[in-house]
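Here is the structure we will look at, set down as structure tokens.
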Amino acid sequence: MTRAVTFISVFLCLLAFLGCSGGDENRMLKYEPEVNVVSGILKFVKHGHRNGTISEAFVLKLDRPASIIAGHSEYEPFINGVKEIHLVAKDKEVFHELKISDNQHVKVKGTIFYGHTAWHMRELVMNVVSMK
């Protein structure tokens with residue numbers, strides 16, 4: 001009985017440490033090809049590119065900070081305290097949903113990669129496949 005209680009206690013502590021909420025939202029994110037679900041306030045922002053042009057993008061301000069587990073390459077580092085994610089969408093319908101949801105609370109689902117160009121406005125970029 002004591003072993004079972006100890007095991008359950010350790011398991012619950014581990015869940016708390018990893019930030020698992022018990023729902024489908026991840027507090028410990030993973031790089032692509034893994035699919036992540038996060039929520040927060042969607043913001044349409046303008047960004048000054050170093051070539052002098054202005055670009056526009058969608059940024060999700062997360063409800064709670066998250067971390068992302070290091071991947072298999074140097075371009076997939078561990079990052080703690082992620083507060084914002086740059087959102088992109090290849091699907092026209094999802095892009096339209098993002099466009100009309102400025103300043104709204106949304107839940108998005110997609111794959112995450114490390115922002116590796118000057119066009120990426122945050123350290124993490126999510127290719128959104130669906131949203132609520």
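Values quoted throughout were computed directly from the atomic coordinates according to the rules given, and no laboratory measurement underlies them. What you see is a predicted model, and the numbers here were worked out from it, not measured in a lab. Cβ coordinates were reconstructed from backbone atoms using ideal geometry, including for glycine residues, and neighbour counts include every protein chain displayed.
The residues packed around Ile68, meaning those with a beta-carbon under 13 Å from its beta-carbon, carry a net charge of -1 if Lys and Arg are +1 and Asp and Glu are -1. Ordering Val35, Tyr114, Leu60 by the projection of their Cα atoms onto the charge dipole of the range 18-132, which places +1 on the Cβ of Lys and Arg and -1 on the Cβ of Asp and Glu, puts Leu60 at the extreme positive end.
Rounded to the nearest 0.05, what FRET efficiency do Phe44 and Phe78 give with R0 = 25 Å and r taken as the Cβ-Cβ distance? Could you check? Before the final figure, lay out each step's value.
Working: r = 29 Å, r/R0 = 1.17.
The value I calculate is 0.30.
Taken over the range 81-132, the ratio of Cα radius of gyration to 2.2 N^0.38 Å equals 1.10. All other residues whose Cβ lies under 9 angstrom from that of Asn127 are scored, Lys and Arg at +1 and Asp and Glu at -1, for a net of 0.
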